[in-house]
Amino acid sequence: MCSICAISSSGNSRETLTDLVKLIFSGENRGNESIGAAAYNGKFVCAKRMGVNLDALGYDLLRSMGDAGISAGVGQTRYSTSGQSDIDHAQPFTIKGKSEFVINHNGTVANAQELVKKHGLPVKTHSDTEALGQLIAGYSDIETGIREASKDAIGGWNLSLLEPDGTIYVFRDPMGFSPLFYQQDEEGFTAASEDSALFAVGRFAPERVEPGELLVVREGRSERRRLVKPTLTECPFEPAYFMKTGSTYRDDLVHDIRRDIGWILGKREGLRGDDVVVMPILESGRYYAEGLADAADLEYAEGLMKNRGKRVYMHPDERAKIGGTWNRQDWAALKHVPLPPVVRGKRLIVTDDSIVRGDTTRVVTKNLRTAGAAEVHWRIGFPPVKWGCIYKMDHQKRSELIAARAQDAHAHTERYVTRFVGADSVHYPTWAEVRSVLESNEDFGRDNHCTACFTGKYPTRVPEEARRAIE
């Protein structure tokens, strides 16, 4: 999972360069391992850095482009689901074949190595993005390359590409696993993974890029082309966890979606009493907690201090980069710090968007008890994750998933997870309950979400290289 963005105007300006950097920064929630951009102002420049140092990236671009600014640019923030977490795998990638371009990619190409072998692609890294770019570059032009790649590539692959002449291509994969928005107006063209990123640069009337749709942009003007027949299969983990709360999903604000799911949880909440407090894991658990507290008529409080920084779920591997000694549990303890005056003596209902591996939940439960909580009960906004994701998320190994372990042990999921995390209870919503919220807008149809991670029913074939997701 990553963020991508693009911007194009009719002439060079510092404002266009500034807006490109703002768009990249606004996608930090979707990835913070590395950032990168490519820009055009008569010359063509690519820059990328590990971490999210926007000042440094902006300086790199400004130093290269000069005071004239830019007329076109694309950018990305990365959270790795394929390839290593290093500068060689940071995006954008420069691709040279029958066509030449830089490529940014949001998603996972599940059969990347299969494509490398089948087409003899000249890749230098283990990146699925590079493989996809080389596949596209093997055709006479980018549009043909994307169309043909759609026949072979399995997974999620939203793209922003920039040619050396400043032409931009923005594409949403035919299944629409991840969101993608754009705005065309008198000032030019802007695109980003979430519409809230467009709000940040003063574009307040965005439209969705439809699945299978390609936008070709030259000098600030775009053409829409339906390139591939769509099969809408959106990822419900987007509104549950990944998207910013100020973004929209199927025309509803994400924070309203989470609040509505929390309301459903609250309507079946059995805990009552003056000592019961509903509190969220910040930030993604906040609106679940608000909805639950309102529905159950319980006190709401924020009893965990959040240290801003890494999303623990998105940590690239089991070892952090501080001397190689920190792991996910260490980051979780640092990120979510209990406030004893709020939690002491209370029966806590703690809300979170999901439980994937259980690391964060376990650490927070232990620390809340140490801080004086009488009981710790978890209420989760997403069904139990029992299968790996091969399309976009970083829970690809089924063996790491706590709910999968429960299933393999033929145990009751909620009771098994409760014991593992050391809580007094854990409750999840059903998919039917979550779907009633996500598919409430009939304009988008029904039964068009990917349910692979909690049903095991994958909407595509599972490539051999991705078998660990289901075994």
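Of all residue pairs spaced 6 or more apart or on separate chains, those with beta-carbon atoms under 9 Å, a first member in the range 192-208 that is at positive phi and a second member that is outside any helix (DSSP H, G or I) and surrounded by fewer than 21 Cβ atoms within 10 Å (Cβ to Cβ) are Gly202/Glu187.
A residue that is within 28 Å of Ala240 (Cα to Cα), touching a strand residue (DSSP E or B) at 6+ places or on another chain (Cβ under 8 Å), acidic (Asp, Glu) and modelled with pLDDT of 95 or more can be found somewhere in the range 180-199. Scanning the range 124-144 for residues that are farther than 22 Å from Leu180 by Cβ and buried (at least 20 other Cβ atoms within 10 Å of the Cβ) yields a total of 1.
For every residue, the table says whether it meets (1) more than 29 Å from Thr167 (Cβ to Cβ); (2) in the same structural domain as Tyr40 (by TED's automatic domain parsing).
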residue: Gly188; (1), (2): no, yes
residue: Arg203; (1), (2): no, yes
residue: Thr231; (1), (2): no, no
residue: Lys244; (1), (2): yes, no
residue: Gly273; (1), (2): yes, no
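Selection of the range 128-156 for residues being touching a residue at least 40 places away in the same chain (Cβ under 8 Å) and within 28 Å of Ser10 (Cα to Cα) yields Gly133, Ile136, Ala137, Ser140, Asp141, Ile142, Glu143, Gly145, Ile146, Arg147. The range 385-455 holds helices (runs of 4 or more DSSP H) entirely within its bounds, and those carrying 1 or more residues that are without any contact (Cβ under 8 Å) to a residue 12 or more places away in the chain map to 402-408, 413-421, 431-438. Would you check which residues across the range 244-288 are surrounded by 21 or more Cβ atoms within 10 Å (Cβ to Cβ), within 23 Å of Val201 (Cα to Cα) and among the hydrophobic types (A, V, I, L, M, F, W, C) and list them? Within the range 244-288, just Val254 meets the criteria. Of the helices (runs of 4 or more DSSP H) lying entirely inside the range 39-148, the ones with 3 or more residues being in the same structural domain as Ser160 (by TED's automatic domain parsing) and either farther than 16 Å from Ser160 by Cα or within 18 Å of the chain's Cα centre (by Cα) (or both) are found at 54-65, 112-119.
The values are calculated or read from the model by the stated rules, or taken from the named source; none is laboratory data. Source: prediction; values computed, not measured. All Cβ positions, even for glycine, are placed from backbone atoms using ideal geometry, and neighbour counts span all protein chains on display.
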